[in-house]
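Structure first, commentary second.
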Amino acid sequence: MMYFLTFDIIGTLAPIIITFSLYFQVYKVLRIEDDGEMRNKALSNPRRVLNYSFIQFICFFPGILADGVFMFQGKIAPFEIAVIISITRRSWGFLNLLAYWFLRIGEEENNNLHFDEENHNKSEYKNMVNEDITF
């Protein structure tokens, strides 16, 4: 019982709750500032910040749940469950990276806009050069 309380509740669940509350404060500030000024920036979707705390919960909650269930039964977790717990705990950084890459709503529009503007400038330059060459 002390193991569960010390390592799972205080050592894992408490930091997840603290991190979520801090991310939620950042979310509220970004939502307030999202009145048009930040529409063209990478953080145009303030809810995206909360995804990082959900990823942390997804990665660590299976271990807490398994410890609680199997500890009170007096058994050791089966190998398959231990592997799943090990994989989820170690995938936290990778899932954060995936969230950063794939949940960048709004930035893709800006990149496409910049790409279109750049192609338009190149075509104007090409026409100017071609006009100067003709005799």
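The values are calculated or read from the model by the stated rules, or taken from the named source; none is laboratory data. Please read these numbers as outputs of a predicted model, since none were measured by experiment. A quick note on method: Cβ atoms are made from the backbone with ideal geometry, for glycine too, and the neighbour counts reach across all protein chains shown.
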Selection count where residues are in contact (Cβ under 8 Å) with a residue 60 or more places away in the chain and either farther than 18 Å from residue 16 by Cβ or out of contact with any helix residue (DSSP H, G or I) (no Cβ under 9 Å at 6 or more places or on another chain) (or both), scope region 44-96: 3
Pairs please, first residue from region 16-28 and over 17 Å from residue 61 (Cβ atoms), second anywhere and part of a helix (DSSP H, G or I) and of a type in the set (Gly, Ala, Ser), Cβ atoms under 8 Å, 6+ apart in sequence or on different chains. 24/53
Only residues that are surrounded by 13 or more Cβ atoms within 10 Å (Cβ to Cβ), modelled with pLDDT of 90 or more and small (Gly, Ala, Ser): list them for region 73-91, please. 82, 91
So if I check each of 94, 115, 70, 60, which one is modelled with pLDDT of 65 or more, over 17 Å from residue 7 (Cβ atoms) and aromatic (Phe, Trp, Tyr)? 94
